[in-house]
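A short worksheet on the structure shown next.
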Amino acid sequence: MHHFNYAGGRLQCEGVDLGRIADEVGTPVYVYSNATLQRHARVIAEAFSGQKVLIAYSVKANGNLAVLATLAAEGCGADVVSGGEMQRAMKAGIPASRIVFSGVGKTAAEMKLALEAGIHQFNVESAGELRLLSKVASDLGSAAPIALRVNPDVAAGGHPNISTGKSGDKFGVPWGEAETLYAEAGKLPGIKVVGVDVHIGSQIGELGPMRAAFEKVVGLALRLREQGHDIARIDVGGGLGIPYRETDAPAAPSAYAAMISDVTAGHGFEVILEPGRVIAGNAGVLLTTALYEKQAPDRTFLIIDAGMNDLIRPALYGAHHDIRPLAEPALGTAEKTYDVVGPICESTDKFATARNLPEVAPGDRLAFMSAGAYGAVLSSAYNARPLVPEVLVSGDHYSVVRRRPDFDEMTMLEEVPDWIKAKA
Ligand code: LLP
């Protein structure tokens, strides 16, 4: 459920007219709903009454400081994959003791930063990483709390590019090698084994593959306990899908959380979840303005002011985002079929092919729905376009939580060396 609805013929975010934000901040612009973020965090937490749970929001989905601060106030922790994400989470008020560090390529410098901060857990993905982490922690006179991310060889995920739990994916420790690596971890001086971790993919709509993976992982955790490891935590990763189309019906967050609670209950585990998309996805939209209609022999292009640099999911994954006009179309408004494209000089700068929309005129404003996750975080300044700004709405007011940079700010890290200037 989200808080983007038509009222009085205008698309609103909570109590704010999105057209007002488009006018005042300019387009393209991302708009997030505070109430939607809060609701998603609460729905998941509520399923775990009586069980120890850490909702480690996956910062990669949307790392804006104001979004993180909203979730920090809900008691969320953070799942991070870089020193930068860790610092973001801490700057937004998420304590290190609620941060887990995932990712296949942690550097020694990042490990040191995280150990010094005192993070909750490292999710270790390879033998090489385990050994380096032991060394870095030993040098600091500490022991790193770790879970091994195991690869359960379960296929799931909406797109091959975001499936991570099959053997052959680069993620995790192969299932058959996990127990041997745990045995080694148990002996390493700078390592303290605390749990088992899994993450099988993203935009997963059905609970079946996840349940199968989590049951395997709980079985492994219990075997590891028998082998003498102090397995106190199960980290189930993220991955629950959201509806991108009105006809999509992924499992509800409450059912997902209840399933996890069911699979893990009764063994005294602390459960860690790393939800990203399910928290932020439907909490955000990208607003854009129609610039031109261009007629080709076999199609009509609708050229808009947002580009693939602002929202790359359609270009990268062929992802679908619903497009809604900010002015609610009257009943019976004629529809037209468009290829919706951006201004970037790439053929992949296309948001939709042969999409039926209520007829659009230049200057009309549109919203890409479900753009709160993997939207702004994946944006770039390609074609020297300023990074897209972000706005957070709460009730009847809004704040610009990342403003659009001006030209000087866009170029301020660059320098033309004197030896070039001398030749000029
Ligand atoms: N934990 C780990 C270890 C992950 O790799 C991910 C996502 C998550 C948690 C959060 O997954 P979520 O709950 O958001 O599904 N850019 C792609 C999605 C990439 C997902 C990467 N890993 C997209 O736009 O669909």
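Values in this text are rule-based calculations from the coordinates and carry no lab data. The structure presented is a predicted model; accordingly, all values stated were derived computationally and were not measured. Because the Cβ atoms are built from the backbone with ideal geometry, glycine has one as well, and the counts that use them run over all protein chains shown.
Restricting Gly103, Gly63, Gly93, Gly128 to residues that are farther than 17 Å from Arg233 by Cβ, away from the ligand (no atom under 13 Å from the Cβ) and not in a helix (DSSP H, G or I) narrows the list to Gly93.
Filtering the stretch 278-324 to residues that are without any contact (Cβ under 8 Å) to a residue 60 or more places away in the chain and among the polar types (S, T, N, Q) leaves Gln295, Thr300.
Of all residues in the stretch 213-260, those being surrounded by fewer than 19 Cβ atoms within 10 Å (Cβ to Cβ), away from the ligand (no atom under 16 Å from the Cβ) and either within 17 Å of the chain's Cα centre (by Cα) or touching a residue at least 60 places away in the same chain (Cβ under 8 Å) (or both) number 3.
Kindly establish whether Tyr30 is more than 25 Å from Ala251 (Cβ to Cβ) and either in contact with a Lys or Arg (Cβ under 9 Å, 6 or more places away or on another chain) or within 16 Å of the ligand (Cβ to nearest atom) (or both). Yes; evaluated as a whole, the condition is true for this residue. Of all the numbered requirements in (1) under 23 Å from Ala183 (Cβ atoms); (2) crowded, with 21+ Cβ neighbours inside 10 Å, Val154 misses one, and that requirement is (1). All conditions but one from (1) among the charged types (D, E, K, R); (2) within 18 Å of Thr300 (Cα to Cα); (3) surrounded by fewer than 16 Cβ atoms within 10 Å (Cβ to Cβ) apply to Asp408; the one that does not is (2). Among the residues of the stretch 289-307, those identified as closer than 19 Å to Arg402 by Cβ and either of a type in the set (Gly, Ala, Ser) or within 16 Å of the ligand (Cβ to nearest atom) (or both) are Ala306, Gly307.
Looking across the stretch 374-424, just one residue is aromatic (Phe, Trp, Tyr) and either touching a Pro at 6+ places or on another chain (Cβ under 6 Å) or closer than 12 Å to Val31 by Cα (or both), and that is Tyr398.
Of everything in the stretch 359-391 that is out of contact with any strand residue (DSSP E or B) (no Cβ under 9 Å at 6 or more places or on another chain) and within 13 Å of the ligand (Cβ to nearest atom), the residue that is farthest from Arg403 (Cα to Cα) is Tyr374.
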